[in-house]
Structures are given as C-alpha cells and as structure tokens.
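Working notes, structure below.
The values are calculated or read from the model by the stated rules, or taken from the named source; none is laboratory data. Computed from a prediction, not measured in an experiment: that's the story for all the values here. Backbone-built Cβ (ideal geometry, glycine too); neighbour counts: all protein chains shown. Just so you know, the surface numbers come from the protein's heavy atoms only, side chains and all, with ligands and any DNA or RNA stripped out. Shrake-Rupley method; radii C 1.70, N 1.55, O 1.52, S 1.80 Å.
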Amino acid sequence: MKLWAGRFSKEVDKKTNDFNSSISFDSRMYKEDIEGSIAHATMLGECGIIDKSEADLICNGLKQVLDDLNNGKLAIDMNSEDIHTFIEGELTARLGDTGKRLHTARSRNDQVAVDLRLNLRKELKELKLLVKELITVICNQAEKYCDAVMPGYTHLQRAQPITFGHHIMAYSEMLLRDLGRLDDTYKRMNEMPLGCGALATTTYPIDRTITGRLLEFDRIASNSLDGVSDRDYCIELANALSLIMVHLSRFSEEIIMWCSWEFKFVELDDAFSTGSSIMPQKKNPDIAELVRGKSGRVFGDLMTLLTVMKGIPLAYNKDMQEDKEAIFDAVDTVKMCLTTFTPMIETMKVIPENMRNAAAKGFINATDCADYLVKKGLPFRDAYKATGTLVALCIKKGLTLETLPIEEYKAVCEIFDEGVYDAISLEKCVEDRAVYGGPSKKNVLSQVERVRNYIK
Ligand code: ARG
C-alpha cells in the first residue's frame with residue numbers, strides 16, 4: 001500500500017512502480033534516515049506537537065529497527081518505494097497508530113534532503129582520511145628518495161635534474177588542495193533542511209534549532225524552497241572528487257610510463273600488478289590504468305548532477321532522485337581507487353640507478369652550464385648560445401657535457417675552466433637549486449615535514 005493511497009483508486013502499474021522506486025540505491029541511507037527521524041520525533045515531543053511519551057515510543061521503536069537492520073534480523077523490503085517509506089512502514093507495523101505520528105510536520109522532501117547531507121557528511125570524513133593516508137605514503141617515499149637524482153621533464157623531454165622525492169611531492173600539494181576542497185564542501189553541506197517540509201515549512205510550532213543541534217548541523221537552511229531543493233553540495237563534492245581523480249589519473253599515467261622497459265624507474269609489487277593470458281613475460285600496471293580509466297566515471301557523475309539540476313524549477317522535483325546514484329558512484333569509485341592506489345605506491349620498488357642513468361643522458365645540465373658562464377660575467381643570452389653550440393658538438397661527437405674535454409669548451413668560449421665539470425655535476429645541479437620549492441634535499445625534506453605537520 002502506498003503512502004499516498006487515499007487519493008488514488010488503483011495500484012500503480014508494475015513497471016512504473018519499478019521506474020519510480022529509489023529503494024535499490026537509497027537503502028544505503030537507512031542509518032541516516034533513522035537518525036533524522038529520531039531527531040524529528042524528539043523535537044515534536046519537546047515542542048508538545050506529539051505527546052512526549054509517544055515521542056519516546058517512536059524513538060525507541062526506531063532504535064530497535066536500526067538494531068535489527070544492523071544485525072541482519074530485519075531485511076529491507078526492496079518492494080518499498082524508498083527507504084523513508086520502508087522505515088516508517090516498519091515502525092508503524094511495530095507501534096501501530098503511534099508510528100503514524102512520526103511524519104507530522106515533515107515531508108519526504110526535507111527528509112531525503114537531510115538524509116543525503118548526513119550520509120555525505122560521513123562519506124566526506126572517510127574520504128579525507130583516505131586522501132591523508134595517500135599523502136603520508138607519498139611523504140615516506142619522498143623522504144626515502146630525497147636524493148635520488150632523476151630527469152625532470154617538460155614536453156616529456158628531459159629538461160633539468162630533480163629528485164624522485166621532489167617529483168612525487170608535487171602530488172602531495174595537489175592532494176592538499178583536494179583536502180581543502182573537501183573542507184569547503186563540508187562547510188556548505190553542513191546546513192540543515194529539516195523543517196522546510198514539502199517546500200513551505202509547516203504551521204505546527206516546530207523548533208528547527210532542536211533538530212539542528214541534535215543532528216550537529218552548523219546552520220539551519222534559511223529559505224525552505226532552497227532548503228528542500230539545494231543539491232549544490234552534491235555537485236561541489238563531485239567536483240572535488242573529480243579533481244582527486246584528475247590527480248590520481250596523472251600520477252597513474254606516470255607510474256604506467258615508469259613501469260615500462262623504456263623507463264624502468266619503478267617496479268610495482270606483484271600484489272598490485274597483473275599478468276597476461278598469452279605473453280608470459282608481461283607484468284602489467286592494470287591498477288594504475290584502471291584508476292586512470294575510472295576518472296571518466298567520476299567526471300561523468302559530475303556531469304550527470306550538473307545536467308539533472310540545471311533546469312529544475314523550485315522547489316522539489318522528482319528529477320532530484322537522480323542525484324543519489326551519481327554522487328554515490330563518485331564517492332564509491334574514489335574510495336575504491338584510493339584504497340588500492342595507496343598501498344600500490346607504498347609497496348612500489350623505486351630504482352634510483354635507472355633514474356640516475358636516464359638523468360646522465362639528454363643534457364639536462366645544459367642550463368647549469370650556461371648559468372656557470374653567467375656567474376662568471378657573461379650575459380645569459382650569450383651563455384645560452386655558447387652552451388647550445390657545445391650541446392650540438394657533443395651530439396656530433398657522441399659525448400656528454402661531462403665527458404667533453406676542456407679544450408673543446410675553451411674553443412667555444414674562453415671563459416670556461418676546469419670548474420665547469422663541478423658546476424654541471426648533476427648532484428650539484430640539484431643541490432644548488434636551493435630556492436624555496438626547489439629540488440634540493442633540504443627543501444624536499446622540509447616540504448615533507450611541512451606536509452606531515454599539516455595533515456596531523
Ligand atoms: N525518493 C525520493 C528522492 O530521492 C524521496 C523524496 C520523494 N518526494 C516526493 N515528493 N516524491 O528524491
């Protein structure tokens with residue numbers, strides 16, 4: 001029997017019923033639905049809208065339903081229209097008329113709005129912990145490899161020397177911004193819609209500050225039309241999650257490249273790699289590829305939410321039921337990616353020798369060679385040109401700047417002396433980049449410390 005049976009003379013068509021139902025995806029909010037209902041019933045009792053004794057019966061009944069659901073004594077009836085209908089129906093089956101008083105001064109519109117905020121508030125806290133775990137793992141690897149010289153790239157061409165520690169700490173900065181975005185989202189999410197009713201509040205003398213306090217919201221929605229129909233926080237969360245996926249996807253792309261024989265900078269642990277059904281030699285970075293691929297799902301979820309919301313007149317419209325599958329999918333996907341990605345990075349074997357060998361080729365100290373001349377008084381443009389000539393010479397002779405004899409240097413520019421070899425040593429090139437934010441060991445270690453303190 002439907003909640004709204006009184007107005008209707010027949011049952012809803014079976015397929016329409018399935019089409020209309022949301023229980024398959026909103027049942028995951030059963031705890032929040034009960035939490036919200038307990039707060040609502042308590043408030044109704046305190047305000048004298050229902051008898052205090054009846055409010056107590058309702059609260060106890062709801063707690064029992066919760067216990068029974070938690071320990072598997074009660075199963076959610078998937079034929080119910082939604083989780084709100086199911087919980088209220090179960091309560092009424094247990095308490096009779098008293099159960100029927102719960103929905104006084106409330107609509108499913110403000111009910112679903114509060115449930116979703118409560119649910120996503122919890123998810124957001126879990127997501128923050130997972131992001132912090134990844135940052136911690138990055139810091140540990142960065143500390144361990146703070147002086148592992150590797151080529152830094154632009155255009156995927158070897159550019160200037162950096163360290164592996166410096167490289168991966170870039171991702172910790174992205175993830176710190178992600179934490180900031182989650183915090184911002186939380187602030188706006190933490191506003192209570194309960195009491196907005198269907199759209200225009202209620203004529204009962206309810207006290208929204210009581211429910212707001214019980215449910216630990218920072219504020220109470222100030223306009224009932226907006227309160228029931230605001231889903232900005234879902235979009236903001238999906239946006240924050242999309243950016244997390246952008247970052248994980250970029251990181252994944254690098255891991256995939258680094259695992260190739262062309263790079264071999266890292267090797268993934270067997271527990272986080274997969275083989276091929278035909279090629280016995282293969283060890284594939286499937287996990288990183290999947291994370292890169294799953295970013296598409298999360299961007300899709302964001303697009304779904306934006307599109308669902310963009311043309312809806314005030315206030316509640318059933319379109320808004322489409323919010324849940326999209327935002328839950330985004331939340332679940334990011335949680336799953338982080339829980340797999342983090343131990344993959346933690347157990348990843350780094351191969352500093354291969355990074356050092358790659359750094360030795362590609363003239364990544366050419367800028368330092370030019371800077372050496374500049375420090376001896378030559379204008380930068382002239383120094384740049386002289387070094388370019390030297391690089392061309394090295395390429396012709398199959399040499400590197402380190403192995404080019406001093407006479408060849410002097411023939412191009414007489415300012416050169418033996419000191420150039422020290423100036424272009426890769427280790428020194430890295431250490432001399434001691435500017436705040438740069439790759440020197442001291443910088444990287446202090447960045448690691450700053451980041452660790454920040455997330456503590
Ligand atoms: N299942 C609905 C949703 O997720 C709950 C609210 C129903 N309200 C209504 N007026 N039909 O949006």
Legend entry - FRET E, pair Thr347, Lys125, Förster distance 22 Å, beta-carbon r, rounded to 0.05: 0.25
Inset, instruction - Calculate the spin-label point distance for Thr400 paired with Glu289, positioning each point 7 Å from the Cα along the beta-carbon direction, and give it in nanometres. - result: 3.3 nm
Legend entry - Alpha-carbon centroid distance for the pair segment 61-78 / segment 1-59, whole angstrom: 14 Å
Legend entry - the chain: relative contact order in percent, alpha carbon pairs under 8 Å with at least 6 residues between: 16 percent
Legend entry - Chain lengthening between Asp18 and Lys100 when straightened (0.36 nm per residue, less Cα-Cα): 27.0 nm
Inset, instruction - Could you compute the FRET efficiency for Thr339 and Lys10, with r as their C-beta to C-beta distance and R0 at 56 Å, rounded to 0.05? - result: 0.70
Inset, instruction - Would you tell me the accessible area of Thr342, worked out with a 1.4 angstrom probe on the heavy atoms of the protein chains, in Å² to the nearest 10? - result: 10 Å²
Legend entry - segment 40-163 - convex hull of the alpha-carbon atoms, volume per residue in Å³: 213 Å³
Inset, instruction - Please get the size of the charge dipole for segment 329-424, origin at its Cα centre, with Cβ charges of +1 on Lys and Arg and -1 on Asp and Glu, quoted in debye to the nearest 20. - result: 240 debye
Inset, instruction - Give the long-range amide H neighbours of Ala221: residues separated by 5 or more places, or on another chain, with amide H under 5 Å away, using H modelled in the peptide plane at 1.01 Å from N. - result: Met192
Legend entry - Proximal aspartates and glutamates relative to Lys349, as straight alpha-carbon distance under 16 Å, when same-chain residues fewer than 8 apart are discounted: Glu143, Asp147, Glu254, Glu267, Asp269, Asp270
Legend entry - Solvent-accessible heavy-atom area per residue, rounded to whole Å², over segment 230-385 at 1.4 Å: 47 Å²
Inset, instruction - On a 0 to 90° scale, report how tilted helix 164-189 is relative to the longest principal axis of the chain, with both axes built from alpha carbons and the result rounded to the nearest 10. - result: 20 degrees
Inset, instruction - Specify which residue in the list Val228, Ala200, Phe164 is farthest towards the positive end of the charge dipole of segment 149-241, using unit charges on the beta carbon of Lys, Arg (+1) and Asp, Glu (-1), about the Cα centre. - result: Phe164
Inset, instruction - Calculate for the chain the 222 nm mean residue ellipticity that helices alone would give, adding -39,500 (n - 2.57) per DSSP H run of length 4 or more and normalising by residue count, nearest 500 deg cm²/dmol. - result: -20500 deg cm²/dmol
Inset, instruction - Give the carbon-plus-sulfur fraction of the accessible surface of segment 273-359 in %, rounded to a whole number; probe 1.4 Å, heavy atoms of protein chains only. - result: 57 percent
Legend entry - Whole-percent carbon and sulfur share, accessible surface of segment 23-125, 1.4 Å: 45 percent
Legend entry - Rounded to whole Hz, the Karplus (6.51, -1.76, 1.60) HN-Hα couplings of segment 398-415, x for glycine and proline: x, 10, 10, 4, 5, 9, 6, x, 4, 4, 5, 4, 4, 5, 7, 7, 6, 5
Inset, instruction - Give me the distance between the Cα centres of segment 258-280 and segment 117-188, rounded to whole Å. - result: 23 Å
Legend entry - Solvent exposure of segment 1-148 as accessible area per residue, Å², 1.4 Å probe: 47 Å²
Legend entry - Inter-probe distance in nm under a simple model that places probes 7 Å from Cα toward Cβ, at Ser260 and Ile278: 2.0 nm
Inset, instruction - State to the nearest 20 debye the size of the charge dipole of the chain about its Cα centre, where the only charges are +1 on K and R beta carbons and -1 on D and E beta carbons. - result: 460 debye
Legend entry - Where Trp4, Trp261 fall by accessible area, highest first, once all protein chains stay in place (1.4 Å): Trp261, Trp4
Inset, instruction - Read phi for every residue in segment 339-344 and hand back ³J(HN,Hα) as whole Hz from Karplus 6.51 cos²θ - 1.76 cosθ + 1.60, θ = phi - 60°, with x for Gly and Pro. - result: 5, 8, 5, 4, x, 5
Legend entry - For segment 265-378: span of alpha carbons on each principal axis (Å, largest first): 71, 51, 25
Inset, instruction - Set Lys and Arg Cβ to +1 and Asp and Glu Cβ to -1, take the dipole of segment 249-368 about its Cα centre, and tell me which of Ile312, Gly293, Met355 lies farthest positive. - result: Met355
Legend entry - Approximate spin-label separation Ser446-Glu418, in nm, with each point projected 7 Å along Cα-to-Cβ: 3.4 nm
Legend entry - Accessible-area composition of segment 152-224, carbon plus sulfur, in percent [1.4 Å probe]: 51 percent
Legend entry - For segment 246-309, size of Cβ-based charge dipole, Lys and Arg +1, Asp and Glu -1, in debye: 160 debye
Inset, instruction - Only residues of segment 46-77 count here: report those whose backbone N is under 15 Å from the spot 7 Å along Cα→Cβ of Ala93, or say none. - result: 62, 64-70, 72-77
Inset, instruction - Please give the FRET efficiency for Lys63 paired with Asp232, using the beta carbon to beta carbon distance and R0 = 45 Å, rounded to the nearest 0.05. - result: 0.90
Inset, instruction - Average the reciprocal distances over every distinct pair of alpha-carbons in the chain, invert the result, and give the Kirkwood radius in Å. - result: 26.4 Å
